[in-house]
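Have a look at the structure below before the remarks.
The values are calculated or read from the model by the stated rules, or taken from the named source; none is laboratory data. Please read these numbers as outputs of a predicted model, since none were measured by experiment. In this analysis, Cβ positions are derived from the backbone assuming ideal geometry, glycine residues included, and neighbour counts consider all displayed protein chains.
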There are 2 protein chains.
Amino acid sequence: MIRGLAASIAALTLALASCAAQGQQVAAPVLSKDALATQIGEKPTSASPPTGQQWLYGSAEGSIASAQLYKAMAQYVRAKALNRAIKSQTVLADGSTPDAPRFESCGSKPLAAVFDADETLLWNVGAMRYMAEQGKDFDPVIWNAWEKSGAGKALAMPGAIDALKIMRDAGVTIIANTNRTAANAKGTEDTLRMAGLGEFKHKDTLYLMGDDATGSSKDGRRAAIAAKYCVIALAGDQLGDFVQAFNAKGLSVADRRKLATNPAIADMWGNGWFLFSNPVYGPSIRGGYDEIFTADTKWEPAK
Amino acid sequence: MIRGLAASIAALTLALASCAAQGQQVAAPVLSKDALATQIGEKPTSASPPTGQQWLYGSAEGSIASAQLYKAMAQYVRAKALNRAIKSQTVLADGSTPDAPRFESCGSKPLAAVFDADETLLWNVGAMRYMAEQGKDFDPVIWNAWEKSGAGKALAMPGAIDALKIMRDAGVTIIANTNRTAANAKGTEDTLRMAGLGEFKHKDTLYLMGDDATGSSKDGRRAAIAAKYCVIALAGDQLGDFVQAFNAKGLSVADRRKLATNPAIADMWGNGWFLFSNPVYGPSIRGGYDEIFTADTKWEPAK
């Protein structure tokens, strides 16, 4: 409840900030809840960062989980690139759905791998620490400043630099598709480069929110990329990095999980679609006890 | 600080409970902090489970992260089993260390894969919900009751059942090495079986805390398993599931991460050692701001 309220307020604030920053009209209803619901995490304390941040940004386990998946992904992408068989897109074909998916054949398009930026390519240690120390889950005004001026204070996710080198060496173009705003394109290009992730160029290898009129949905941008490239892999920390339908309004926690793991697409995970663990923020961080746990596993100790 | 204190109190309580339950002497200094520090998570609220629990037990993302790694591990183990080349142990050779590791050749021993139980094979949804709803991070007395009576209320981790079938079909023996106590062996055997994970038998394919005199360290049990089997894969959610040296007292957050990702063993991750994401509890959940974040990435917005 409180979280929902905070999200709504934050959404409004970002919509305003975003309008001012971009000097253009923003599709507020699209921008609002969906985009912001992905940014509400756990309340930090002054003594130490939230549990999820301790795991993701500090622990050996968090670093290993990232590097381990980057290694598997690089191996997959390299093998796929070297295989002479005709390839398919990993971007869902226009009009198809996660429970009845279609993937188009690539023809002779050049190969690409498409990544989310935040907590997939980029470890946002600078901004996450600052917001947590201020006692804030997420603050859109601070985040906007981070997009502009965070270069040099964000790191590459563990394992990303080595993996990107392997993929690029195999002839695969690396593209970022992120909900950072188009107004801050230069800041994000600089941030990616200074984290050691290489050159990204807006509207060429960097797709941002505001590039089209569909707000935080990445489907349109994915389609634009797939029109030019054979996208042999998608990577992200949230389901919206793969298909926007997973973010459909009103989808319960259980139904969202069911849709994302239904037999028609379950095999994509780890096999074209690569999901990085982010227990800090995003649409995964949602749900009361009865939504997270099922009634049939309810237990209590004997009295 | 408060967390440390809670851990100490909890440790004492468990040591007592454990003594009573087992009717035998327990090596209290070994059992205490190390074992219990791994169990202190984040404070839940009455409104919803902690953030980490929402991610791990409810979200599509948490389920996919587990299933994705189980798929990669099954593929690895199957390929390894079918390969006729002489194999090496993934258990560190006696006397060697993570920064100067040695792995012994297997000779003709039968193949095995060794798993941690909690949050690796088992999704402890029943106990985690109960403790969180009681406003508790972790309660050793409740946990002891869970080990005894949780069968049917714990689930298999997403992807585990399919992966174990693939590995067993390839002729690999599945063994659990867990810090559940030997006193509750039957409860844990029942819990694993009723979760659909198959038959585990104490001292044969199930190794428990109390099987030897080294408390929560799994090194001795790993050595006992490697004496009989060629352990081609280890899986767990905490570094102690691989090598006890990672749990050395006084190791800082940064040094622990450095040791676990040092060049001599970095390649093991995803390649013999498989680490599952658990942002809810364990030794990964530790550290203040200056331990989690480095000074060179400190950032603040321009005033």
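Remarks
- The stretch A:253-267 - residue that is of a type outside the set (D, E, K, R) and facing chain B (nearest Cβ under 10 Å) and, of those, nearest to the chain's Cα centre (by Cα): A:Ala260
- A:Glu291, sole failed condition from (1) part of a loop (DSSP other than H, G, I, E, B); (2) in contact with a Ser or Thr (Cβ under 9 Å, 6 or more places away or on another chain); (3) facing another protein chain (nearest Cβ under 7 Å): (1)
- Matching entry among A:Lys80, A:Lys109 (being away from chain B (no Cβ under 11 Å), in a helix (DSSP H, G or I), touching a Lys or Arg at 6+ places or on another chain (Cβ under 9 Å) and touching a residue at least 24 places away in the same chain (Cβ under 8 Å)): A:Lys80
- Single unsatisfied condition, A:Gln238 versus (1) touching a strand residue (DSSP E or B) at 6+ places or on another chain (Cβ under 8 Å); (2) surrounded by 19 or more Cβ atoms within 10 Å (Cβ to Cβ): (1)
- Test: residue in the stretch B:219-240 that is more than 8 Å from every other protein chain (Cβ to nearest Cβ) and of a type in the set (Phe, Trp, Tyr): yes
- Qualifying residue in the stretch B:84-106 (condition: touching a Lys or Arg at 6+ places or on another chain (Cβ under 8 Å), in contact (Cβ under 8 Å) with a residue 12 or more places away in the chain and under 20 Å from B:Ala163 (Cα atoms)): no
- Of all the listed residues (B:Gly282, B:Gly270, B:Gly210), the sole one being buried (at least 19 other Cβ atoms within 10 Å of the Cβ), touching a helix residue (DSSP H, G or I) at 6+ places or on another chain (Cβ under 6 Å) and over 19 Å from B:Tyr76 (Cβ atoms) is B:Gly210.
- Flag if A:Ala151 is in contact (Cβ under 8 Å) with a residue 60 or more places away in the chain and among the aliphatic types (A, V, I, L, M): no
- B:Gly196 satisfies every condition listed in (1) more than 10 Å from chain A (Cβ to nearest Cβ); (2) crowded, with 16+ Cβ neighbours inside 10 Å; (3) out of contact with any Gly (no Cβ under 8 Å at 6 or more places or on another chain) except (2).
- Qualifying residue in the stretch B:270-278 (condition: within 20 Å of B:Arg222 (Cβ to Cβ), in contact with a strand residue (DSSP E or B) (Cβ under 8 Å, 6 or more places away or on another chain) and at the interface with chain A (Cβ under 7 Å from one of its Cβ atoms)): yes
- Looking across the stretch B:83-103, the residues that are among the charged types (D, E, K, R) and either assigned to a helix (DSSP H, G or I) or at pLDDT 95 or above (or both) come down to B:Lys87, B:Asp99, B:Arg102.
- Leading residue by the ranking (surrounded by the fewest Cβ atoms within 10 Å (Cβ to Cβ)) among those in the stretch B:294-303 that are in a loop (DSSP other than H, G, I, E, B) and facing chain A (nearest Cβ under 8 Å): B:Ala302
- Screening B:Ser252 with (1) in contact with a strand residue (DSSP E or B) (Cβ under 7 Å, 6 or more places away or on another chain); (2) free of Cβ contacts under 8 Å to residues at least 40 places away in the same chain; (3) more than 17 Å from B:Ala112 (Cα to Cα) gives one miss only, at (1).
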